[in-house]
1. If each of F:E37 and C:V19 carries a label point 7 Å out from its Cα toward its Cβ, how far apart are those two points in nm?
2. Can you work out the base-10 log of I(q)/I(0) for chain E at q = 0.11, 0.15 1/Å, using the Debye formula on its C-alpha atoms alone?
3. With the crude spin-label approximation of a point 7 Å out along Cα→Cβ, what separation in nm comes out for E:M1 versus D:D114?
4. Given axes a ≥ b ≥ c from the Cα gyration tensor, I'd like to know whether segment A:83-135 is rounded (a/c under 1.5), prolate (a/b larger than b/c) or oblate.
5. Taking a virtual spin label 7 Å from the Cα of B:I86 along the C-beta vector, which residues in segment C:85-110 bring their backbone nitrogen under 17 Å of it?
6. Fewest Cβ neighbours within 10 Å first, please rank E:E120, A:E116 accordingly.
7. Fewest Cβ neighbours within 10 Å first, please rank C:S29, A:S134 accordingly.
8. Between beta-carbons, use under 9 Å as the cut-off and find the net charge around F:Y133, counting Lys and Arg +1, Asp and Glu -1.
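Rule-based calculations on the coordinates, nothing more; no lab input. All values derive from a computational prediction rather than experimental measurement. So basically every Cβ, Gly included, is an ideal-geometry build from the backbone, and we count neighbours across all protein chains shown.
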There are 6 protein chains.
Amino acid sequence: MRVTVCRKAHFNAAHRLYVKSWNEKKNESVFGKCSNEYYHGHNYELIVNVTGNVDPVTGMVMDLKDLKDLIKSEVEDAFDHKNLNIQVPEFADLIPSAENIAVVIYNKLVPHLDKEKTLEIILYETPRNFVKYSG
Amino acid sequence: MRVTVCRKAHFNAAHRLYVKSWNEKKNESVFGKCSNEYYHGHNYELIVNVTGNVDPVTGMVMDLKDLKDLIKSEVEDAFDHKNLNIQVPEFADLIPSAENIAVVIYNKLVPHLDKEKTLEIILYETPRNFVKYSG
Amino acid sequence: MRVTVCRKAHFNAAHRLYVKSWNEKKNESVFGKCSNEYYHGHNYELIVNVTGNVDPVTGMVMDLKDLKDLIKSEVEDAFDHKNLNIQVPEFADLIPSAENIAVVIYNKLVPHLDKEKTLEIILYETPRNFVKYSG
Amino acid sequence: MRVTVCRKAHFNAAHRLYVKSWNEKKNESVFGKCSNEYYHGHNYELIVNVTGNVDPVTGMVMDLKDLKDLIKSEVEDAFDHKNLNIQVPEFADLIPSAENIAVVIYNKLVPHLDKEKTLEIILYETPRNFVKYSG
Amino acid sequence: MRVTVCRKAHFNAAHRLYVKSWNEKKNESVFGKCSNEYYHGHNYELIVNVTGNVDPVTGMVMDLKDLKDLIKSEVEDAFDHKNLNIQVPEFADLIPSAENIAVVIYNKLVPHLDKEKTLEIILYETPRNFVKYSG
Amino acid sequence: MRVTVCRKAHFNAAHRLYVKSWNEKKNESVFGKCSNEYYHGHNYELIVNVTGNVDPVTGMVMDLKDLKDLIKSEVEDAFDHKNLNIQVPEFADLIPSAENIAVVIYNKLVPHLDKEKTLEIILYETPRNFVKYSG
C-alpha cells in the first residue's frame, strides 16, 4: 500500500540568471530582466512529496514532523533570506534556475530517506511558474 | 483518449492519533499533540481524480454531477462534522491518519466506478500537509 | 502615516456548539450537526491586523517577528490541537463560535499592543465561513 | 535529467453543453443547466506542463517566456472573451466540455514543442472542477 | 460587540458589456473584447459580509446556514449558469458590470436582514479583478 | 453610489532592510536575516483598490484596463526584477520595508486618479505578511 505524503515549505531568496562565460549582452538576450546584475528575488513555495509504504501500526508513511525538520535543516536554513548565487555553495558554478534549484533540493533530501521511498520536488518560483523533479 | 476529471470536496472532522495497545506516554512520544485525548480537528480538503475514456458524444469521462453526488453520499455524509475515531466505523480499529483516511475513501469510492476507470485520492489535512493514494 | 501590518497564523482544534442550559433537541435544532456531542474540528486560519504609525527610522509599524511570537504564545500555544470546549478556559462558559473565538483572541492580544495601535482579528473557520472583529 | 516546467495562464469564455442531434429535453436531462441555450461562462485556469531535459548551460528545460508567448498565441488569443461554441472553430462539431477543451489545447500546443518533450494540460473550469490530459 | 460574519459563494454566468444606445464601434472602443456580441463568461466568487451584534446565548451574529440559504435563493438560483444580459431581469436596462452586479446583489439581500445589521458585498469577476459595495 | 474596484498585480524584487547610520550588528539585531548584505527577495502581490462613483452609463468606477496600465507603468516597470535598495530612486534614503513600499506605491498612483476617488494599497511581501495603506 504505497501512499504519498506531501509537505509544503517556503523560503525567500535573491538570485540572478546569468552564464559566467557569456557577456552581459548575451545574458540579457537569453534571460532578459532575470539577468539584472543587482539581483531580484522570489518567495519560493516548495512541496516535498515522499512515497512509501504505510506503517500498519502508526498509519504513517513517515512522521511529517521529521519531514518538516529535514526540510528546515537541509533547505530553509540553507536557502532562506540568502542570495543563491553568492551564498549557497551548490550554485557557485550552477545557474540557480528553478529547474536547478529543484534538482539541488532533491539531491540534498534523498540521502536522508529510506531506500524504499521515492521523492518528488515541486518548486514554485512565482504563482504562475513552477517546476517538478523526481530524480 | 484517456482524460482525468477532478472534483474538490470538503469535510470537517475531529480525530486523534493514538495506538490503543500503547500507553499514553508512548502515544505522545510518537504522535505529539496529535494524540491529545480530547481530540483536535481539521477542515479536510478532498480531491477525487477519475481517469477514463472520453465519451465521444457527451465529451465527458463521467458526469461530474454523479461524481459530486457519489462523494457526498460515500464521504461527506459519513465523515462531515463527525469524530472519526468514535463515529466512523472504518476507524474503529484503524488509526485515522491522513494516509489511512485517503485509503478508506479510495476503498469506498472505487466499487462505484466502471472497471475501465482509475481513481486517485488527494487529501489535505492542513494547507501544508497532504497525502495521495491511487490503489 | 498610519499603516496596517497583517500576519497570518494557523491552528487546528476540535469544538462543539451547544448551550448548556438547552436540551440536546434544542441544541440540534439551532446548531445542527455543529452540536455533535463527540465534537468536530477545523483548521482555523487567523489574520491579525495591527494599525499604527510607521517608525521613520526602521520603516516598521511593529516588528512582525514580535507579532508572530505574540500570536504564538497567546493563541497558537493556547488553542492549537486542543478541544476548545474542554481545554481552553475562556470557553468554559462561552460557546466557541467563530464570533466568540475572534473576540477572545482580540482580548488576549490587545493588552500587549501600544495604546496608539488598533487591532482587527479575522478568523476563517472554513474557507467559506469567516468572521471579523475590531473591538 | 528530466524536469517538468509549468506555466499558469487564464482565459474567460462563454460556452454551452449540448449535443446537436439531441432535442432540448434530452440535452437538459444530461447536461442540466449547463445546456442553457443562452450560454453561461467560466474563468478557465490553465496549467501547461512541459517535461524535457535541462540544458546544462542555461539550466532551463525551455524558456518560460517562449512558453508564455506560445500559450498566448495558441490559446489565449483564440479562446479569451470568446463564445467557444460559436467563435472557436475547433468546437464547431465538438462539444466544449472541459475534457474536450483540454484535448484541443494539447493538440494546438504539441506541434510547437521539440520531439523530446512531453506535454500535460490541466484545465480548471471552476475551482472545484478540473481535468488533466497528457496525450 | 459588533462582529462581521462572512460567507463565500459562487456562480458562473455569461455576460456582455455594451450600451444599447451606442453603436458597435463605440462599444468596442470603450469595453474592448468585453463587448463581444456572442458573450463571454466568468466564475463569479461572491463574499457576503454581515455585521451585527453577537447573540449572547448562541454566540452568533446570524445563523450562517440562514445566510447560505439566503444567498442561494436570492443570488445563486437567479444568476448561476445564466446569461446575465438576457435572463436576469435586473440587467434588462442595466449594464452587468461587476460594479452593477454587486449593487444588485446588495439590493436583493439587504431587505432580508434585520435593521441593526449592515451589509457589504465583495464580488470577484476574475482572480485579479474584483469590486466592493456596502450601500 | 460609491463602489470600490480592485486590481491585483505582481512584481518580483530583491531588497535588504538596514539603516545606513547603524552598524551591521545593530542592523542584524533589529532586522535579523532581513538585513543580509547580499540581499534576499520576494514575489510581491499588490492589490490596488480605487473607490469612486459608478458612471451611470458605463456601469464602471473606472476602466480596469486603465488601472492595469497605470499599475504597469508606475509600479511594475519601476520595481519588477529590480533591486529596490539600489535601483529604485525612492528607496535611496528610505528603507524598503513593506510599509514604506506601500506608501511609495500610494504616492506614485494617487496623482493619476480623479480627485473624487480614494485609494487603498495592499501589499503582500509573503503569503503570511502583508500591509495596507490608504493615505
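1. Reported label-point gap for F:E37 and C:V19 is 6.6 nm.
2. Log-scaled intensity ratios, in q order: -0.43, -0.73.
3. Spacing of the two 7 Å Cα→Cβ label points: 6.4 nm.
4. Cα axes put segment A:83-135 in the oblate bin.
5. C:85-88, C:96
6. Details: E:E120 18, A:E116 9.
Lowest count first: A:E116, E:E120.
7. By the 10 Å Cβ count, ascending, the order reads C:S29, A:S134.
8. Details: positive: C:R2, F:K132; negative: F:E99, F:E120.
Neighbourhood net charge equals 0.
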